[in-house]
1. Determine the per residue accessible area of segment 23-93 with all protein chains present and a 1.4 angstrom probe, expressed in square angstrom.
2. Under the 0.36 nm per residue contour assumption, what length would be gained going from the current alpha-carbon distance of LEU89 and ALA58 to full extension?
3. Relative contact order (percent) for the chain, with alpha-carbon contacts under 8 angstrom and 6 or more residues of separation?
4. Under the rule of -39500 (n - 2.57) per DSSP H run of 4 or more residues, summed and divided by the residues of the chain, what mean residue ellipticity at 222 nm is obtained, to the nearest 500 deg cm²/dmol?
5. Specify, per residue and in Å³, the volume enclosed by the convex hull of the alpha carbon atoms belonging to the chain.
6. Taking 0.36 nm per residue of separation and subtracting the Cα-Cα distance, what length does fully extending TRP82 through ALA38 add?
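The values are calculated or read from the model by the stated rules, or taken from the named source; none is laboratory data. Since this is a predicted model, take the numbers as computed values, not measurements. Just so you know, the surface numbers come from the protein's heavy atoms only, side chains and all, with ligands and any DNA or RNA stripped out. Shrake-Rupley method; radii C 1.70, N 1.55, O 1.52, S 1.80 Å.
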Amino acid sequence: MTTNVSNGPTDASGRHLRTVWGLALINLGLVALQALSAGLLMSGYRPAVRAHAVVALALQFGAFTQAVTAVVLWRRGRAPAWVVGSSALLFVF
């Protein structure tokens, strides 16, 4: 681990932040699926109700996982505070 005076402690490989970015990309995909299932639901396709509910639960779990991961990495000094803030904001929404 190296220390950058301007940004605080950072991981030399950036592996930890890539974990949060990966979780964010998964959540982004789930948001796209949520919009797709909502469109199908509004067009009258009844099976979309179940798909919309399942994707909603998966999105909530994904946002919670991302927020917890960000907090753990921040507490260990491996992620900046803005990552925690944005992950927590996603979870609240």
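1. Per-residue accessible area for segment 23-93 comes out at 68 Å².
2. On the way: separation 31, 0.36 × 31 = 11.16 nm, distance 1.69 nm.
Additional length available on full extension: 9.5 nm.
3. Computed value for the chain: 31 percent relative contact order.
4. Value at 222 nm, helices only: -25500 deg cm²/dmol.
5. Numbers: hull volume 7.5 nm³, N = 93.
Dividing the Cα hull volume of the chain by its residues yields 80 Å³.
6. Numbers: separation 44, 0.36 × 44 = 15.84 nm, distance 3.09 nm.
Extra length from TRP82 to ALA38 when fully extended: 12.8 nm.
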